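Read-outs: derived from the displayed coordinates by stated rules, not from any lab. Values in this document were obtained by computation on a predicted structure and should not be read as measured data. Cβ placement follows ideal geometry from the backbone for every residue including glycine, while neighbour counts extend to all protein chains displayed.
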Amino acid sequence: MITLSRKQEIINVSSDLFKEKGYSAVTMRDIAKAMGIKAASLYNHINSKQEILNYIIISLAEEFTQGMDSIRSSDLSNIDKLKKIVALHVGITSNKTSGMASLNNDWMHLEDYLDYYLTLRVNYENSFREIIKDGIEKNEFIDSNPDIMLFSILSTLRSLYLWIPQKEDLDADELSRTLSQVLLTGINK
């Protein structure tokens, strides 16, 4: 059994509270209460609520960036790269749904790390777009607007954190396969 550090416990509890109430509505007192400790005790492990948010969002953004870098530099076809991106989103989201809520809903509250986060986000989206453009050029994908294709796929992937917790018997591999099929080849017979 893995024992979490106290700091990681604080981050996990905070992440759940941020998802439930929103970052702005959660206080350090709320976090302490959810953990069954005094608010002053939190400061032995963490400096501020902002530090918690920074950790949640930046660690996820960096995880997505590392995954994208690996996928983009692979020798896979562009369609297989997109399938890997779908699997990346399903994998991260199914393991970190609360953190994904913060990534999607609370990123604008980042202070010192906002520019860094936005750079990671723009680079991720640009890499995704380049895979789509390359797939169009190589005739792997239909010749359509890459920005609309990116928006359509990424909107679905970014909203998985809302849908996944409702599925008790989720099989992440099956979800990745089915989602790839629907997003990348459609639902036509």
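If you take the beta carbon distance between A25 and D171 as r and set R0 to 35 Å, what does 1/(1 + (r/R0)^6) give as a FRET efficiency, to the nearest 0.05? For A25 and D171, the calculated efficiency is 0.55. Taking each residue as 0.36 nm, the span from D75 to Y43 lengthens on full extension beyond its C-alpha to C-alpha distance by 6.8 nm.
In sequence order, segment 177-189 has phi-based couplings of 5, 5, 5, 4, 4, 5, 6, 9, 10, x, 10, 5, 6 Hz under the Karplus curve 6.51 cos²θ - 1.76 cosθ + 1.60, θ = phi - 60°, and Gly or Pro positions carry x. Think of the chain as a dipole: +1 on every Lys or Arg Cβ, -1 on every Asp or Glu Cβ, centred on the Cα centre; then among L114, L88, Q50, Q50 lies furthest on the positive end. Among the listed values [x] 56, 14, 10; [y] 24, 19, 17; [z] 35, 18, 14, the one matching semi-axes √(5λ) of the Cα gyration tensor in Å as calculated from this structure is [z].
Could you give the length gained on full extension between T65 and T178, defined as 0.36 nm per residue of separation minus the Cα-Cα distance, in nm?
Length gained, T65 through T178: 38.3 nm.
Short-range pairs are left out: with C-alpha atoms under 8 Å and at least six residues apart, the relative contact order of the chain is 25 percent. Computed from backbone phi with θ = phi - 60° and the Karplus coefficients 6.51, -1.76 and 1.60, the 3J(HN,Hα) list for segment 74-89 is 6, 8, 5, 5, 5, 5, 5, 5, 5, 4, 5, 5, 4, 4, 4, 5 Hz; x is used for glycine and proline.
Computed 3J(HN,Hα) for segment 45-53, one whole-Hz value per residue from the Karplus formula 6.51 cos²θ - 1.76 cosθ + 1.60 where θ = phi - 60°, is 10, 8, 7, 6, 5, 4, 4, 5, 4, glycine and proline marked x. Segment 114-189 and segment 18-48 have Cα centres lying 34 Å from one another. Of all lysines in the structure, those lying under 22 Å Cα to Cα from K133, and not within fewer than 8 positions of it along the same chain, are K81, K83, K84. Summary: within the chain, the longest segment free of GluC sites (Glu not before Pro) located in DSSP loops with at most 14 other C-beta atoms within 10 Å is 1-110. Considering only S98, L60, A32, the residue lying farthest towards the positive end of the dipole of segment 4-118 is A32, judged by Cα position with unit charges set on Cβ. Cβ-Cβ distance of V122 and E9, R₀ of 41 Å, FRET efficiency by 1/(1 + (r/R0)^6): the value works out to about 0.80.
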